[in-house]
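In what follows, a single structure is set out as structure tokens and then discussed.
The values are calculated or read from the model by the stated rules, or taken from the named source; none is laboratory data. What you see is a predicted model, and the numbers here were worked out from it, not measured in a lab. Neighbour counts run over all protein chains shown; Cβ positions are idealised from the backbone, glycine included.
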Amino acid sequence: MKRILVIDDALQIRELLKTVLELEGYDVTITKDGDEGVEAFRKNPADLIITDMIMPTKEGLEIIQELVDEYKNIKIIAMSGGGNIGPDSYLKAAELFGAAKTFQKPFNIDELKETVKELIGAP
């Protein structure tokens with residue numbers, strides 16, 4: 001079974017992604033911040049990470065940079081709803097740092113499911 005790690009400080013987003021992706025047949029682990037997410041990935045690597053960009057303790061760009069440096073073939077989807085400089089800037093930076101795909105919040109759940117299948121295949 002394909003594994004997905006979700007890193008997001010918003011409980012509603014974590015629960016939504018967990019529910020939707022588990023219904024698709026994926027094994028989903030959720031974490032509430034960057035530190036917890038990186039630790040969870042190192043203990044039990046997933047096939048895909050879906051991470052928010054703006055979070056306490058460690059932001060999405062830090063997560064992407066750190067894990068791409070350690071795991072060359074890692075697949076990451078970055079999401080952002082805004083922040084001081086707007087979501088477009090964060091998401092462009094995420095792509096430059098190594099994210100395979102980006103989504104602006106609110107996102108289309110069907111597009112997200114299709115992107116997950118494109119990146120890691122069916123469960």
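Output the residue which, of all residues in region 89-123 that are modelled with pLDDT under 95 and in a loop (DSSP other than H, G, I, E, B), is surrounded by the most Cβ atoms within 10 Å (Cβ to Cβ). In this case the residue turns out to be PHE107.
THR57 passes every criterion in (1) polar (S, T, N, Q); (2) in contact (Cβ under 8 Å) with a residue 24 or more places away in the chain; (3) at negative phi apart from (3). Taking region 1-33 as the range and being surrounded by fewer than 19 Cβ atoms within 10 Å (Cβ to Cβ), of a type in the set (D, E, K, R) and not in a loop (DSSP other than H, G, I, E, B) as the test, the residues that pass are ARG3, GLU15, LYS18, GLU22, ASP27.
Looking at ILE64, is it in a helix (DSSP H, G or I), in contact with a strand residue (DSSP E or B) (Cβ under 6 Å, 6 or more places away or on another chain) and either at pLDDT 95 or above or crowded, with 19+ Cβ neighbours inside 10 Å (or both)? Criteria met by ILE64. Can you pull out every residue in region 27-54 that is touching a residue at least 60 places away in the same chain (Cβ under 8 Å) and in contact with a Gly (Cβ under 9 Å, 6 or more places away or on another chain)? Scanning region 27-54 gives a single hit, ASP47. Name every residue in region 21-52 that is over 11 Å from LEU5 (Cβ atoms) and touching a strand residue (DSSP E or B) at 6+ places or on another chain (Cβ under 9 Å), in order of residue number. Those that are over 11 Å from LEU5 (Cβ atoms) and touching a strand residue (DSSP E or B) at 6+ places or on another chain (Cβ under 9 Å): GLU22, LYS32, ASP33, GLY34, ASP52.
Summed over region 1-35, residues that are closer than 22 Å to ALA93 by Cα and more than 13 Å from the chain's Cα centre (by Cα) total 1. Taken as a whole, the structure leaves ASN73 outside the set of residues that are modelled with pLDDT of 95 or more and over 15 Å from VAL6 (Cβ atoms). Determine whether ASP110 is in contact (Cβ under 8 Å) with a residue 40 or more places away in the chain, within 19 Å of GLN12 (Cβ to Cβ) and either acidic (Asp, Glu) or in contact with a Leu (Cβ under 7 Å, 6 or more places away or on another chain) (or both). So ASP110 fails the test.
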